[in-house]
Amino acid sequence: NAEGIDRLVEAVAHLGIDVLVNNAGFGAAGRFDRLDGERLRQMVQLNCVAPVLLTRRFLPAMVARGRGAVIVVGSIAGAQPLPYHAVYAATKAFDRCFGESLWAEVLGSGVDVLVLEPGTTETEFQAVAGEDPHSGEPPAKVVKLALEALGRQPSVVSGWPNWLRVNGARFLPRSIVALIAGPVMLRRIPAERL
């Protein structure tokens, strides 16, 4: 929430922030018409509004110093329509466009911007989103990839299978991608959320 952003900025005001990692976020799996509206609003606030406001608070000092980095944690979900995770996918599409646009704006300023787009990662995401557990990449591997890509490109997809999924989807009509993704997502969501 807005107060949380202000509290965070105040708590680190005495520090020179060189790296901002916009990593906080969550999803809510299930049929859109059955999900809690307040929870969806909170998701948009945390996944979209918070990274914008935090970046706006810290980026000017980085540009003034001529050094720094901003990492926006997106998701491969943001590269395609994703039934039963519609709002989450939309927030991550926002993060992707925001971060890649910002990368171009500050290019040459000494500040690096990177959008990290992982697939399923071994975190508490699935439990919070209401998905059935399924395997994913270790967080350390995803973080290592992000740090290696920082300063080299505007975005990076974690893992070859995820890269193929993101880039292969670009060659299909979005309607087909949505129809393919729906049954895949259905296998990960408990019946009571459908």
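The values are calculated or read from the model by the stated rules, or taken from the named source; none is laboratory data. These figures come from a predicted structure and were not determined experimentally. Don't worry about glycine lacking a Cβ; one is built from the backbone with ideal geometry, like all the others, and counts go over all protein chains shown. Heads up: the accessible areas ignore ligands, DNA and RNA and are worked out on the full protein's heavy atoms, side chains in. Shrake-Rupley method; radii C 1.70, N 1.55, O 1.52, S 1.80 Å.
Using the beta-carbon distance between Glu192 and Val44 and R0 = 25 Å, what value does 1/(1 + (r/R0)^6) give for FRET efficiency, to the nearest 0.05?
Numbers: r = 24 Å, r/R0 = 0.96.
Once rounded, the FRET efficiency stands at 0.55.
What helices does the chain have that are whole DSSP H segments, at least 20 Å long along their own axis by Cα, and with mean Kyte-Doolittle hydropathy of 0.5 or more? If you can, show how the numbers build up before the last one.
Values: long enough: 50-65 (23 Å, 0.78); 86-106 (30 Å, 0.30).
Helices meeting the criterion: 50-65.
Just need the relative contact order of region 30-173 here, percent rounded to a whole number, with Cα pairs under 8 Å and 6+ apart. It would help to have the intermediate numbers written out before the result.
Values: 193 pairs, mean separation 33.2, N = 144.
Over region 30-173, the number comes to 23 percent.
List residues of region 14-30, by number, whose backbone nitrogen lies under 20 Å from a label position 7 Å along Cα→C-beta of Ala61.
Correct set: 14-24.
Compute the length gained on full extension between Asp36 and Val52: take 0.36 nm times their separation in residues and subtract their Cα-Cα distance, giving the result in nm to one decimal. All intermediate terms of the calculation are to be shown ahead of the outcome.
Numbers: separation 16, 0.36 × 16 = 5.76 nm, distance 2.40 nm.
Gain in length upon complete extension: 3.4 nm.
Taking only protein heavy atoms and a 1.4 Å probe, what accessible area per residue, in Å², does region 94-157 have with all protein chains in place?
On the way: 3350 Å² over 64 residues.
Roughly 52 Å² per residue, with all protein chains present.
Mind ordering 101-110, 71-80, 41-50 by average Cβ neighbours within 10 Å, highest first? Write out the running numbers ahead of the final one.
On the way: 101-110: 13.6, 71-80: 24.4, 41-50: 17.0.
Final packing ranking: 71-80, 41-50, 101-110.
Show log10 I(q)/I(0) for region 15-61 at q = 0.16, 0.29 Å⁻¹, two decimals, from a solvent-free Debye sum over equal Cα scatterers.
Listed by q, the Debye log ratios stand at -0.53, -1.05.
Which percent of the accessible heavy-atom area of the chain goes to carbon and sulfur, probe 1.4 angstrom?
Details: 6340 of 10450 Å².
Carbon-and-sulfur percentage of accessible area, whole number: 61.
For region 18-74 and region 170-193, compute the distance between their C-alpha centroids and round to whole Å.
Taking the Cα centre of each part, region 18-74 and region 170-193 sit 25 Å apart.
Considering the zone a paramagnetic label at Asn167 would reach in this model (a point 7 Å from Cα along the Cα-to-Cβ line), which residues of region 100-115 have amide N under 20 Å from it?
100-101, 114-115
Could you compute how fast the chain diffuses translationally, taking Rh as the Kirkwood radius over C-alpha pairs and applying Stokes-Einstein at 25 °C with viscosity 0.890 mPa s? Give it in µm² per second. Numbers along the way, then the final one.
Working: Rh = 17.5 Å.
Estimated diffusion coefficient is 140 µm²/s.
Counting just the Cα atoms, what span does region 29-105 cover along each of its three principal axes? Round to the nearest Å and put the largest first.
That gives 48, 24, 13 Å along the principal axes, largest extent first.
Taking the Cα centre of region 47-166 as the origin, how large is its charge dipole in debye, to the nearest 20, when only Lys and Arg (+1) and Asp and Glu (-1) carry charge on their Cβ atoms? Could you put the intermediate results ahead of the total?
Values: 10 positive and 11 negative charges, 95 e Å.
Rounded to the nearest 20 debye, it is 460 debye.
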